[in-house]
Amino acid sequence: MKLSNYIRIVLVEPSHPGNVGSIARSMANMGIGNLALVASRDFPSPVASNRACGADWILDGASVYRSLDEAVEDCALVFGTTARRRSISWPTVSPEEAMSMAVEAGSRFAVVFGRERNGLENRELDCCNYMIRIDVDEDFPSMNLASAATILSYEFRKAAQGKRESELPEVDYATSEQLGGLIAHLEETLLLTEFLDGRSSLLIRKLRRLFNRSRLSREEVNILRGILTSVERKAGRKPPVRQSPDLGRE
């Protein structure tokens, strides 16, 4: 797989089709073709096609999803973009750091852009391993969506230049879907042992952030889920039928 196929640009509920077209154009400029739209309000659109200026093949091949979880479930690394301060701090990196990190990981990854008006919601940030913050002037921090996507696409092209897929490390990182399964399993177990009382969503969000930051491999997720299953059994509960952890996976 070409390095340019590792990156997926994800737009969450884009409200202006012109932005979608402009982003497709900048992606084509940088040799990137994987575009995903989450609950897009107006797609396909002739306005998007006009703004794409010939990059219609990216719009024609764009995938449309109902939720961000679906759009990134096969990604081992997910970067969210934000301009707002949050009550819970996510690990934050610059565009250059993010794209260097992604290329070196050698796995499919996503760069997620939120709504033009208010960005990503906290529940969507839960899907992300890192936040990307573009260093802009504090007196005028608002940036056009297409401009932000162009910066990230350019930084990816810089980071990937001269790299060959055969030179990248072969690490079987857990995907976003597999990590989500671990978090759900952990929450069930903590409720069973009464560590949680059902009102600790903030704690679960912090635990999710911890695991996102840890960059677990598929084998590590399976080991942790095996441990949780043993706790459930010891607590006297017959665990529900789940996919058996593959503890012998190399």
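The values are calculated or read from the model by the stated rules, or taken from the named source; none is laboratory data. Note that the coordinates shown come from a computational prediction; the quantities given were computed from them, not determined experimentally. Glycine gets a Cβ as well: all are built from the backbone with ideal geometry, and neighbour counts include every protein chain shown. Quick note on the areas: whole protein, heavy atoms, side chains included, nothing else; ligands and nucleic acids left out. Shrake-Rupley method; radii C 1.70, N 1.55, O 1.52, S 1.80 Å.
Solvent exposure of the chain amounts to 54 Å² per residue of accessible area, where only protein heavy atoms count and the probe is 1.4 Å. Within region 1-137, DSSP assigns beta bridges of which about 5% are antiparallel (rounded to the nearest 5). Taking amide hydrogens as placed 1.01 Å from N in the peptide plane, the amide H of Thr81 sits under 5 Å from those of Val112, Gly114, Ile132, each at least 5 positions away in sequence or on another chain.
Along the axis of the charge dipole computed for the chain (Cβ charges of +1 for Lys and Arg, -1 for Asp and Glu, origin at the Cα centre), the listed residues Trp90, Ala105, Ser147 are led at the positive end by Trp90. For the chain, the longest principal axis of the alpha carbon atoms and the long axis of helix 145-160 meet at an angle near 80°.
Can you compute the charge dipole magnitude of the chain about its Cα centre, using +1 on each Lys and Arg Cβ and -1 on each Asp and Glu Cβ, nothing else charged? Give it in debye, rounded to the nearest 20.
Working: 33 positive and 34 negative charges, 89 e Å.
Dipole about the Cα centre, nearest 20: 420 debye.
Shown here for region 102-154: trypsin sites (Lys or Arg not before Pro) in loop regions (DSSP other than H, G, I, E, B) with at most 10 other Cβ atoms within 10 Å, namely Arg117. Note: relative contact order over the chain, using C-alpha pairs below 8 Å and six or more positions apart, is 21 percent.
For the chain, modelled as a GNM whose springs connect Cα atoms under 10 angstrom apart, the maximal fluctuation among Leu125, Leu77, Leu203 occurs at Leu203. For region 45-54, the Karplus equation 6.51 cos²θ - 1.76 cosθ + 1.60, evaluated at θ = phi - 60°, returns couplings of 8, x, 5, 4, 4, 5, 6, 5, 6, x Hz by residue, with Gly and Pro reported as x.
Compute the Rg to Rh ratio over the chain from the alpha carbon atoms, using the Kirkwood formula for Rh, and round to two decimal places.
On the way: Rg = 19.3 Å, Rh = 19.3 Å.
Rg/Rh for the chain comes to 1.00.
For Lys206, the aspartates and glutamates whose Cα comes closer than 17 Å to its Cα, not counting residues fewer than 8 places off in the same chain, are Glu121, Glu124, Asp126, Glu187, Glu188, Asp197.
Residues whose amide H comes within less than 5 Å of that of Arg108, counting only those at least five positions distant or on another chain, are Ala76 (H built at 1.01 Å from N in the peptide plane).
Would you mind telling me the share, in percent, of accessible area of the chain contributed by carbon and sulfur at probe 1.4 angstrom? All intermediate terms of the calculation are to be shown ahead of the outcome.
On the way: 6290 of 13440 Å².
In the chain, the share of accessible area belonging to carbon and sulfur is 47 percent.
Compared with the dominant Cα axis of the chain, that is its longest principal axis, helix 218-234 is turned about 30°. Overall, region 42-138 carries a charge dipole of about 280 debye about its Cα centre when +1 sits on the Cβ of Lys and Arg and -1 on the Cβ of Asp and Glu, all other atoms neutral. Taking the Cα centre of region 35-185 as the origin and placing charges on Cβ (Lys, Arg +1; Asp, Glu -1), which of Ile183, Ala39, Ser67 is farthest toward the positive end of the dipole? The Cα lying farthest towards the positive end belongs to Ala39.
For region 119-181, run through the GluC sites (Glu not before Pro) and keep only the ones in DSSP coil with at most 14 other Cβ atoms within 10 Å of their Cβ. Numbers along the way, then the final one.
Values: sites: Glu121, Glu124, Glu138, Glu155, Glu165, Glu167, Glu170, Glu177; in loops: Glu121, Glu138, Glu170.
Here the sparse-neighbourhood loop sites are Glu121, Glu138, Glu170.
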